[in-house]
Structure formats: structure tokens, C-alpha cells
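None of the figures in this text is laboratory data; all of them are computed from the coordinates on show. Keep in mind it's a predicted model, so treat the numbers as computed, not measured. Note that we place each Cβ from the backbone using ideal geometry, even for glycine, and neighbour counts take in every protein chain shown.
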Amino acid sequence: MRIILANPRGFCAGVHMAIDVVDQVLDLYPGRPIYVYHEIVHNKHVVNRFRQRGVKFIEEVDEAPEGSIIVFSAHGISPAVRQQARARNLTMVDATCPLVTKVHNEAIRYARQGFDILLVGHADHQEVVGTRGEAPDSIQVVEHPDDIPSLRIRNPNQVVYLTQTTLSTDDAAVIIDALRKAFPNIKEPPSSDICYATTNRQAAVRQIAPECDVVLVVGSKNSSNSVRLTEISRNAGCPAFLLDDVSELRDEWFDEVRAASGAAGHELTVLVTAGASAPEDLVAELCRTLIGRYGKGAAGGIEQRDIFREDEEFSLPASLKRLMREEGKGDDLDSRKIKVGSYDLTAEAYGAIPLTVGGRSL
Ligand code: SF4
């Protein structure tokens, strides 16, 4: 089997930051229960690893006892949730990704200016619920072009669209085109709301999938950006499967592809990638298992295809820095950054040392 590893894949800076926040809070308050509102990031393994360290994940603020510590997840929250936490005298730590906060700030600004805001996204996604809560009277969610006729618009010259950060860029383009047709004067956000991590991971799959037989995406079923990677692959004509970890790998996936190709001895080319919340150790384990089961293939190993090298970095959230200062931890907090690092590509972890090659630049 020929294995291509997509780069970038896996943890984005926002996910790194959110995980780091919970780590730091656990260090700050050893022995005290830590409550996280909603899954810190949408990944089963990340959540379970924190559960094993005593973190409690809750879906309602009143599940946290009065006076306890609550961390808000990377997806962001509505002001109503913050008020509920304040009313319970909870110590709040906000791990919202700064790129989600950017969309919240846009929503607040346009609502103040009297705009009708059309939020393109999935209505039940935690991020959209949080953004909508910033200005519920001004925001309507658009999931599909079919939603457009039922929108209630006060002034067609004062309409703006915003988007969820983790949408498929292809699907968003279709909806935005339909919005532009319906409201020719619609305003767009100052810069794309679909974040760099979503855009880059999708672009890598869009570029590499056409030369592959199968795409495997490591990620959880409730991870929007992971699901979108499977859709992008299928749109590019390549079957794609989403798996939380190697235990979900199925031989039948490859058998079906081989049968469809009509060539029993055909060496399969498999693209391995991961959603922005999937830990890299699970990607490495998948590569090891593929090599163990199906061999290293004619190429003799793994090829990491470098489409983008990411160098995003985020600062620590202000709410965490405040608590760390109160506890006397760290003098360099303002200069500390959370960066997307490169992976240590060892044969021990991956089953073969990935040979890194540059992709066609986009
Ligand atoms: Fe932030 Fe994008 Fe990562 Fe979500 S996927 S946490 S918006 S960088």
C-alpha cells in the first residue's frame, strides 16, 4: 500500500490552545474539580484523556457547583452562558479560539449598526449557537440556499453574512453565491471567517485526493472540520472514511475500492489526514497499522506531502493569565505563545520515516 500523509493535518493553534488551557488549569488547582462546558474540542480521545485526569464535561452551567472552576470550550459560548456562570459565582476560564471570537466581535459590531446578519453554518453546532447568542434578534442561520426565501430582512441594503469557522469552503461558496443573488448589496466579513486551519486542511485534501484510491480522515463524528474533509474528498471523486482511531479501520473499505477498480493486484494509494482536533499519535498508530497489515508498498514507506507549513501562534487567554498571576505562576505570560509545531516523524511512531516532499503550491 502506498501511503501519503497530508500536511497540514491535525491540531490547529486553537485546539492546541484549548488543550493547553485545561492542562494549565489542572496544574494550577491540583485536586480541585475542573468543569468544562461542552467538549473542550470535538475529539473523543482528547475528551476521554482529560476525563481520566478528573475533568468533568458538562452541557449545562448549573451542573457545576457554586464557586467551582469552569472552562469554556474552543467553540465559544453565548453571553447568556457567561451570565449563568457569573450568577453561580464560578471562576471562568475562556478557551474560545480567537478566530471564533473574531466572528463574535463581527456579529456584535454589525448588530449594533442595525444590520440583519445571515450566519452561514450548522444551526445546532456549538459554535453557531454561541455566535447567534451574541445578537439573537439580528442573526438568522442559513444552512442551505433553500433557507433564503424564508429569511426576514428589514432592509436589503443592510445585510451582512458571516460564517461558521469550520465549513466546507465549497459548500459555503454555493450558499454565499445564492445570498449574493438574493441580496445584491449584501456585505461580506472583512476577511474570511472560515479559519486558516479549515481552509488549509481542505485545500490539501482537494489537491491530493484525486491521485488516491481512498482517503482516511482521523477525527470524531461530531468534528465539523473532520466531516468536511471526507466531503471534500468525495467531491473530488475519492471515497473517504472517518475514523476515531485504528480500531474502526475496516478491510472491506479497501476490498470495495479494489473491486471497483477491477484490478485485483492493484496497489492502493491511501491518503491519511486528520481533522483539526485529532491527536497526532492516533494518526501515527493508523500509519503503523496500515504498514503492518498491507505492507510498505513499492515506494517503501510513507510520503508526507507538504502542501502548507503552518506557523500560526496564539497568546494565552487573558482569563487564564489572570488566574496564573493570582497563583503566582509565570512572569513571562504575555510573551508566551501557543504554536502549531511540526511532528517528530520517527519510524518507531509511524512504522516508517515519512519522506517529506513538497506539493504543488496553491
Ligand atoms: Fe480555531 Fe479554526 Fe482550530 Fe476551530 S479549527 S479551533 S476556528 S483554528
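The mean sequence distance of close C-alpha pairs (under 8 Å, at least 6 residues apart), as a share of the length of region 269-362, puts its relative contact order at 42 percent. Here the sum of -39500 (n - 2.57) over DSSP H runs of 4 or more residues, divided by the residues of the chain, equals -11500 deg cm²/dmol at 222 nm, to the nearest 500.
Extension gain, ASN89 to LYS337, is 86.3 nm, computed as 0.36 nm per intervening residue step minus the present C-alpha separation. The charge dipole of region 171-327, taken about its Cα centre with unit charges on the Cβ atoms of Lys, Arg (+1), Asp and Glu (-1) only, comes to about 420 debye. A cut-off under 15 angstrom between Cβ atoms defines the neighbours of PRO190, and their net charge, with Lys, Arg +1 and Asp, Glu -1, is 0.
Fully extending the segment from ASP137 to ASP62, taken as 0.36 nm per residue of separation minus the present Cα-Cα distance, adds 24.5 nm.
Modelled this way, with points 7 Å down the Cα-to-C-beta line, the labels at ARG51 and ILE148 are 4.3 nm from one another. Among VAL71, VAL215, VAL61, the largest mean-square fluctuation in a Gaussian network model of the chain (Cα springs under 10 Å) belongs to VAL61. In a reduced charge model with +1 at each Lys and Arg Cβ and -1 at each Asp and Glu Cβ, region 289-362 shows a dipole moment near 260 debye about its Cα centre.
Given R0 = 35 Å, the distance between the Cβ atoms of GLU256 and ASN222 translates into a calculated FRET efficiency of 0.85. For ASP281 and ASN105, a Förster radius of 35 Å and the Cβ-Cβ distance give a FRET efficiency of 0.50, rounded to the nearest 0.05. For the pair VAL174 and ARG112, label points projected 7 Å from Cα toward Cβ lie 3.7 nm apart.
3J(HN,Hα) along region 147-155, derived from phi through the Karplus expression 6.51 cos²θ - 1.76 cosθ + 1.60 where θ = phi - 60°, amounts to 6, 4, x, 8, 6, 9, 10, 7, 9 Hz, with x in place of Gly and Pro. As a size descriptor, the averaged projected area of the C-alpha convex hull of region 99-182 was calculated at 5.0 nm². Taking Cα atoms only, the orientation of helix 98-112 departs from the longest principal axis of the chain by about 40 degrees. Among GLY301, GLY67, GLY328, which one shows the highest mean-square fluctuation when the chain is modelled as a Gaussian network with alpha-carbon springs under 10 Å? Sorting by GNM fluctuation, first place goes to GLY328. Neighbour counts of other Cβ atoms within 10 Å put SER168, SER220 in the fewest-to-most order SER168, SER220. Taken over the chain, lysine pairs spaced eight or more positions apart, or on distinct chains, with alpha carbons under 30 Å apart number 28. If you build a Gaussian network model of the chain, linking Cα atoms that sit under 10 Å apart, which residue out of HIS42, HIS122, HIS144 swings the most? Comparing HIS42, HIS122, HIS144 in the GNM, the peak value goes to HIS144. Summing Lys and Arg as +1 and Asp and Glu as -1 over all other residues whose Cβ lies under 10 Å from the Cβ of ASP244 gives a net charge of 0. From the alpha carbon centroid of region 54-87 to that of region 279-324 is 30 Å.
Would you work out if the chain is rounded, prolate or oblate? Take a ≥ b ≥ c from the square roots of the eigenvalues of the alpha-carbon gyration tensor; rounded if a/c is under 1.5, else prolate when a/b is larger than b/c, oblate otherwise. Cα axes put the chain in the oblate bin. Considering the dipole of the chain built from charges on the beta carbon (Lys and Arg +1, Asp and Glu -1) around the Cα centre, which of ALA80, VAL357, PRO33 is farthest to its positive end? About the Cα centre, the residue reaching furthest to the positive side is ALA80.
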